[in-house]
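The values are calculated or read from the model by the stated rules, or taken from the named source; none is laboratory data. Please read all numbers here as calculations on a predicted model, not as lab measurements. Every residue, glycine as well, gets a Cβ built from its backbone with ideal geometry; the counts of neighbours run over all protein chains shown. The accessibility values were calculated without ligands, DNA or RNA, using every heavy atom of the protein model including side chains. Shrake-Rupley method; radii C 1.70, N 1.55, O 1.52, S 1.80 Å.
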Amino acid sequence: MNLPVDDILVHLNEGLGQSVERLSQLLRIPSIGTDRAYQAQTLEAANWLVRELSEIGFEAGLRETPGQPAVVAHHPGPEGAPHILYYGHYDVQPAEPLDLWGSPPFEPAIVDGPAGKRIVARGAVDNKGQLMMFVEAFRAWKAVHGALPVGVTVFLEGEEESGSPSLDGFLEAHKHELQADVCVVSDTNMWDIDTPALGIMLRGLLYLELTLHGPSQDLHSGLYGGAVPNPLNILTRILGDLHDEQGRVQIPGFYDELEDLGELERDWQALDFDEASFLGHAGLSRSAGEAGFSTIARIWSRPTCDLNGIWGGYAGAGAKTVIPAKASAKLSCRLVPGQDAGRIKEGFRTFLDARMPEDCRYELEELGAGPAIKTSTNSPFLNAAEAALSDIFGRAPILVGMGGSIPAVGAIKQHLGIESILMGFGLDDDRVHAPNEKFELRCFLNGIRSHAALLGRLGKL
């Protein structure tokens, strides 16, 4: 279907206010899928999306999972046209700490910023704002031309922020319903506000919770201190061994199977990466990490192991002198091509076993795992995305790596056998997962326009 896109772009520009209002409606729903106390609101967000997709001509409905329901919607395309799967997630992170927000996290606020207007709310960019970009692009195509130029299936999950525990089973059970030629994912960043980017590599993830047990109960530190193992002391000592003085991870076998990225890494080093700005968004001035590598290599192509939380004993107000019965920590490993999450987990067990004192034991729970992803750079679908972004921005997108992990991309490749186009419109300073999360309206509009252009380009394949 070779229909003009220019009329659609004009329609989108004129209708930005309505698009922002629809996004605001979704942002007002506190779909905190990680917290069962928000179960009703999470379901409300899923049903809201079903209604929106149904109103623009999709056959849409909910699909049950062991956890939060999935939204699945279908729209036919012309005979012989490609069929595209669009993935996103409607669940959001908890909003705490609430006192650091400048406005209520689930009352979207339009405020001024250096680049113009921005919308501030939990989920503004991760991922409600980004999934609404392709929904609004579908709406515009239907309004202007009465049809879509390709076949479309939309799959929106409600457990991404929980590590997508139901995803593998769902994809396997619904693999025939979700079949497509390629998947489009908007859950990533641009290079900068004027320069689009396409992700061609995502780091994988291994997320673990470790609990170290010592005494059978909390003990008085005066009566027992110096005579019994203290799980907090032991845990912090062991975890302090995770990195050597050069920042290298000390888990056995951690670096054994890294894929040589060669030319790709050399291309990335040639990019005009603004390290000062990148670190400045975090309130820092100096880079840290594995010695011998640039900041861009550390965040895109090197594996990491980081503590995400540690607790045990008494941490309330005032004094309570106890030796705790147990101490716990959460840690995440970001993996790169060649690494296997299962082997890294077993290597971590070996690391712990070598350091575990007598009379102590540990439990290790896996909270999430997914492989690193590297996509083909000579796909006709990626080429269509490059052309679409060039149409909208007047410049070619930069092909980048991504430090974060999107479990669905690896799972979709594994279960459905299709690659993903990672075409996101976030910025480094969007405060994802933090108070005052925001999405620049300029990025929101350009994202909608880019998705509309991508539909047109894909329709010509």
Taking amide hydrogens as modeled 1.01 Å from N in the peptide plane, which residues meet the under 5 Å criterion relative to L198, leaving out close sequence neighbours? I398, L399, V400
For the range 50-125, what is the per residue volume of the convex hull drawn over the alpha-carbon atoms, in cubic angstrom? 158 Å³
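Please calculate how many Å² of accessible area the chain carries per residue, with a 1.4 Å probe and no DNA, RNA or ligand atoms counted.
On the way: 19640 Å² over 461 residues.
Computed with neighbouring chains in place, this is 43 Å² per residue.
If the only charges are +1 at each Lys and Arg Cβ and -1 at each Asp and Glu Cβ, what is the size of the charge dipole of the range 218-329 around the Cα centre, to the nearest 20 debye?
Details: 8 positive and 16 negative charges, 191 e Å.
Approximately 920 debye in magnitude.
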Just going by the charge dipole of the chain, with Lys and Arg at +1 and Asp and Glu at -1 on Cβ, which of I119, G368, S328 is farthest out on the positive end? I119
Name the long-range amide H neighbours of G368: under 5 Å, sequence gap of 5 or more, or other chain; modelled H, no Pro or chain starts. Y207
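Determine the order of D430, D256, D35 by accessible area, beginning with the largest, at a probe radius of 1.4 Å.
Working: D430 0, D256 125, D35 65 Å².
Reading off the accessible areas and sorting them downward yields D256, D35, D430.
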Cα extents of the range 187-299 along the principal axes, largest first, in whole Å, come to 63, 34, 29
Using a 1.4 Å probe and counting only protein heavy atoms, arrange S390, S216 so the residue with the most accessible area comes first. S216, S390
Which residues' amide hydrogens lie under 5 Å from the amide hydrogen of I421, considering only partners 5 or more residues apart or on another chain, with H built in the peptide plane? C183, V184, V185
Arranged from highest to lowest average of other beta-carbon atoms within 10 Å per residue, in what order do the peptides 438-445, 391-398, 41-48 appear? 438-445, 41-48, 391-398
Taking Cα atoms, how many degrees apart are the long axis of helix 341-353 and the longest axis of the chain, rounded to 10 and kept between 0 and 90? 10 degrees
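Which three numbers, in whole Å and largest first, are the semi-axes of the equivalent ellipsoid of the range 288-391 derived from its Cα gyration tensor as √(5λ)? Don't skip to the end; give the middle numbers.
Values: eigenvalues 326, 66, 39 Å².
After diagonalising the Cα gyration tensor, the semi-axes are 40, 18, 14 Å.
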Kindly express, to the nearest 10 degrees and within the range 0 to 90, the angle between helix 407-416's C-alpha long axis and the longest C-alpha principal axis of the chain. 60 degrees
Under 1.5 on a/c is rounded, so check that first for the range 372-461, then, if it is not, pick prolate when a/b is larger than b/c and oblate when it is not; a ≥ b ≥ c are the square roots of the alpha carbon gyration tensor eigenvalues. oblate
Accessible area (Å², 1.4 Å probe, nearest 10) - R266: 150 Å²
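Can you pick out the pairs among K345/K374; K128/K345; K142/K438 whose Cα atoms lie more than 25 Å from each other?
Details: K345/K374 22 Å; K128/K345 33 Å; K142/K438 29 Å.
Result: K128/K345; K142/K438 exceed 25 Å.
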Which ³J(HN,Hα) values, rounded to whole Hz and listed in residue order, are derived for the range 210-221 from phi using the Karplus coefficients 6.51, -1.76 and 1.60 in 6.51 cos²θ - 1.76 cosθ + 1.60 with θ = phi - 60°, glycine and proline given as x? 10, 10, 9, 9, x, x, 6, 7, 4, 10, 5, 6
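For L232, L364, L178, what's the largest-to-smallest order of accessible area, 1.4 Å probe?
Numbers: L232 50, L364 25, L178 0 Å².
Descending order: L232, L364, L178.
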Cleavage-rule hits, GluC sites (Glu not before Pro), the range 185-290, DSSP coil, Cβ neighbours within 10 Å at most 11: E245
For the range 425-438, 3J(HN,Hα) per residue [Karplus equation, 6.51 cos²θ - 1.76 cosθ + 1.60, θ = phi - 60°, Hz, x = Gly/Pro]: 9, x, 10, 4, 9, 6, 6, 4, 6, 10, x, 6, 4, 9
Can you find, among P78, T34, L23, the residue sitting farthest towards the positive end of the charge dipole of the range 22-90, where Lys and Arg contribute +1 and Asp and Glu -1 at Cβ? T34
Dipole check, the chain, charges on Cβ (K,R +1; D,E -1), about Cα centroid: among G280, L219, G61 the Cα furthest to the positive pole belongs to L219
Space enclosed by the convex hull of the alpha-carbon atoms of the chain, per residue, Å³: 157 Å³
Angle, helix 128-145 long axis vs. longest principal axis of the chain, Cα atoms, 0 to 90°, nearest 10? 10 degrees
Which Rg and Dmax, in Å, describe the Cα atoms of the range 152-247? 23.3, 68
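If each DSSP helix of 4+ residues adds -39,500 (n - 2.57) and the sum is divided by the residues in the chain, what number results at 222 nm, nearest 500 deg cm²/dmol? Please report the intermediate quantities before stating the final value.
Details: 14 runs with 152 residues, N = 461.
Value at 222 nm, helices only: -10000 deg cm²/dmol.
Mind giving me the FRET efficiency for T377 and Q18? R0 is 30 Å, r the Cβ-Cβ distance, nearest 0.05 is fine. Write down the numbers at each step before the final one.
Details: r = 37 Å, r/R0 = 1.23.
Taking R0 as 30 Å, the efficiency between T377 and Q18 is 0.20.
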The lysines whose Cα lies under 29 Å from the Cα of K320, excluding any fewer than 8 residues away in the same chain, are K330
Rounded percent of accessible protein surface that carbon and sulfur make up, the chain, 1.4 Å probe: 48 percent
Share, in percent, of DSSP beta bridges within the chain that are antiparallel, nearest 5: 70 percent
Percent of all Cα-Cα pairs per 10 Å bin for the range 65-213, counting from 0 up to the last occupied bin, reads 9, 29, 35, 20, 5, 1, 0
